[in-house]
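Notes follow once the structure below has been shown.
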Ligand code: URA
């Protein structure tokens, strides 16, 4: 079973659940069709959301069952917010929404400036009260880590204080960039792969997650 490597900072969790690992392997197969890949992304994201929300606070509420009145646990505070890093993040957000359908959803779009190679924001839409919600930022591939780090920085500027980041796969290089830039943000992944190649693809990886989710090239 996959485990969080000992040398990783404490903020990093590798989700070793057998179903997650099995589905990730199927996603890596180059023969998996667009439909299959999308379905697996949805399923694995639902399972990730389960892990990511393990420690959400509960409060007691009085309810009526058909039999009697009882004090029952219910999620405390505001609904969480999922922020998708466009465009592949949408494939993860969909699956998380299956588990938490009342979550708010934000989007952030970033492109890499060809001269400076720095991420530049081209789109941002967030709930007004993002600062009062647990915010889960999602992107399937943590490659160089620059977009993820920039997205978290932007969300902090927008007032978010409770942040988590979730990806399917991470490169060690991207994990280092992200955790050094945001040591306060818990990071969840299903695997830390071997390396980034010279084109910033994760190896062995699963290819281009956006293209595989949407059948583009
Ligand atoms: N983005 C992807 O979709 N795949 C990679 O391997 C790296 C970045």
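The values are calculated or read from the model by the stated rules, or taken from the named source; none is laboratory data. If you're wondering where the values come from, they're calculated on a predicted model, not measured in any experiment. Reconstructed Cβ throughout: ideal geometry from the backbone, glycine too, with neighbour counts over all protein chains shown.
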Can you go through 166, 170 and tell me which one is at pLDDT 95 or above, closer than 18 Å to residue 21 by Cα and away from the ligand (no atom under 14 Å from the Cβ)?
166
Residue ID - nearest to the ligand (Cβ to nearest atom), chosen from residues in the stretch 110-147 that are out of contact with any helix residue (DSSP H, G or I) (no Cβ under 8 Å at 6 or more places or on another chain) and assigned to a helix (DSSP H, G or I)
147
Those residues of the stretch 174-189 which are farther than 19 Å from residue 55 by Cβ and either more than 11 Å from the ligand (Cβ to nearest atom) or in a strand (DSSP E or B) (or both) amount to 175, 176, 177, 178, 179, 180, 181
Quick one: is residue 49 under 19 Å from the mean Cα position of the chain (by Cα) and surrounded by 19 or more Cβ atoms within 10 Å (Cβ to Cβ)?
yes
Looking at (1) touching a helix residue (DSSP H, G or I) at 6+ places or on another chain (Cβ under 9 Å); (2) within 16 Å of the ligand (Cβ to nearest atom), which is the one condition that is false for residue 43?
(2)
Quick one: how many residues across the stretch 190-217 are within 11 Å of the ligand (Cβ to nearest atom) and within 15 Å of the chain's Cα centre (by Cα)?
2
Would a scan of the stretch 111-124 turn up a residue that is modelled with pLDDT of 95 or more and within 14 Å of the chain's Cα centre (by Cα)?
no
Under the condition of being free of Cβ contacts under 8 Å to residues at least 12 places away in the same chain and out of contact with any strand residue (DSSP E or B) (no Cβ under 7 Å at 6 or more places or on another chain), which residue from the stretch 62-111 is nearest to residue 152 (Cα to Cα)?
101
In the stretch 148-160, is there at least one residue being within 12 Å of the ligand (Cβ to nearest atom), modelled with pLDDT of 95 or more and buried (at least 21 other Cβ atoms within 10 Å of the Cβ)?
yes
Taking the conditions exactly as written (assigned to a strand (DSSP E or B) and farther than 19 Å from residue 179 by Cβ), does residue 106 satisfy them or not?
yes
